[in-house]
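One structure is given here, and the rest of the page talks about it.
The values are calculated or read from the model by the stated rules, or taken from the named source; none is laboratory data. What you see is a predicted model; the values in this text were computed from it and never measured. Here the Cβ positions follow ideal geometry from the backbone for every residue, glycine too, while neighbour counts run over all protein chains shown. Note: areas computed on protein heavy atoms with side chains; ligands, DNA, RNA excluded. Shrake-Rupley method; radii C 1.70, N 1.55, O 1.52, S 1.80 Å.
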Amino acid sequence: MQDTKIVDAVRESLEIRVVGLSGSLRAPSATRMAVQYALKGAEEEGAKVQVMDLAAYNLPYWGLEREEGNVKAVERFRSELRASDGIILGSPEIHGSLSGVLKNALDLTGIEEFEGKMVGLVGVAGGRMGATEALSHLRTIGRSLHAWVVPAQVSIGDSAEAFKLNGEPIDPETGDRLKLVGTQVAHFARLHKCENHAQFLKEWEAHPLTTAESSNGKNSPGTIK
């Protein structure tokens, strides 16, 4: 019981922020709904979540980012990414790859935004084959940016029939898998961020309080004042 309370206290003391990027500018879109549902898993894991709407940043094409009027838009986008601990990338599969919208946004970033971050992947496609190629390319991009791409990923086929109007997946299993992506991103982001807390827990568990000491208020070697 005491160890459980300590674990809960450590969890609450660490603020984890997970953001989602949708490679579709359509509102609503299956891609955006998939990203939002994956973020629910991160939120249930205790993370603060946000969808970073690419349409709201007015990002230029790569190569024009240093021109007057574009610098502030790109820096705003990059700074919000840098402030995150985990990122969920979602894309429709277009011509056997990720969308140009998402690719361009990622091209405007660098290792500074992704190195050491946890990244989760979701992909949607209009056909039954799903978005395996887009997911493969996104995983390669994540590795190139020195990110940790979590094991779980979701490929959704027949995307036009995959979600209800309220964003709820029609297939409960799809919903569970989307949430798992968010859960893994938030969980591993917390572990990656709490190195000192992990050491604290190891030392605490090595010197646990006895029942008598915990009930009468005496300090044991493992008591933190």
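Does residue 112 qualify as being over 27 Å from residue 128 (Cα atoms), open to solvent by 70 Å² or more (accessible area, probe 1.4 Å) and modelled with pLDDT of 95 or more? So residue 112 fits the description; yes. Within the range 133-189, the set of residues being under 25 Å from residue 47 (Cα atoms), in contact with a Ser or Thr (Cβ under 9 Å, 6 or more places away or on another chain) and hydroxyl-bearing (Ser, Thr, Tyr) comprises just one member, 155.
The set of residues from the range 75-102 being open to solvent by 20 Å² or more (accessible area, probe 1.4 Å) and in a strand (DSSP E or B) comprises 92, 94, 97.
Condition check ((1) touching a strand residue (DSSP E or B) at 6+ places or on another chain (Cβ under 9 Å); (2) open to solvent by 10 Å² or more (accessible area, probe 1.4 Å)) across all residues:
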residue: 104; (1), (2): no, yes
residue: 117; (1), (2): yes, yes
residue: 121; (1), (2): yes, no
residue: 134; (1), (2): yes, no
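Applying the criterion of being in contact with an Asp or Glu (Cβ under 8 Å, 6 or more places away or on another chain) and in a loop (DSSP other than H, G, I, E, B) to the residues of the range 60-74, the residue that is nearest to residue 24 (Cα to Cα) is 60.
Evaluated against (1) touching a Leu at 6+ places or on another chain (Cβ under 6 Å); (2) open to solvent by less than 60 Å² (accessible area, probe 1.4 Å), residue 130 falls short on exactly one condition, (1).
Restricted to the range 1-27, and to residues there that are surrounded by fewer than 14 Cβ atoms within 10 Å (Cβ to Cβ) and closer than 18 Å to residue 166 by Cβ, the residue that is modelled with the highest pLDDT is 26. The set of residues in the range 28-52 being open to solvent by 60 Å² or more (accessible area, probe 1.4 Å), modelled with pLDDT of 95 or more and touching a strand residue (DSSP E or B) at 6+ places or on another chain (Cβ under 9 Å) consists of 32, 36, 40, 43, 48, 50. Taking first residues from the range 78-99 that are more than 23 Å from residue 177 (Cβ to Cβ) and partners that are open to solvent by less than 20 Å² (accessible area, probe 1.4 Å) and in a strand (DSSP E or B), the Cβ contacts under 8 Å between residues at least 6 apart in sequence or on separate chains come to 80/19; 80/52; 81/19; 81/52; 81/87.
With the condition kept exactly as written, say whether any residue in the range 203-220 is aliphatic (A, V, I, L, M) and modelled with pLDDT of 90 or more. Scanning the range 203-220, I find no residue that is aliphatic (A, V, I, L, M) and modelled with pLDDT of 90 or more, so the answer is no. Might you check whether a residue that is under 26 Å from residue 76 (Cα atoms), open to solvent by 20 Å² or more (accessible area, probe 1.4 Å) and either in contact with a His (Cβ under 7 Å, 6 or more places away or on another chain) or aliphatic (A, V, I, L, M) (or both) occurs anywhere in the range 146-163? The answer is yes; a qualifying residue exists.
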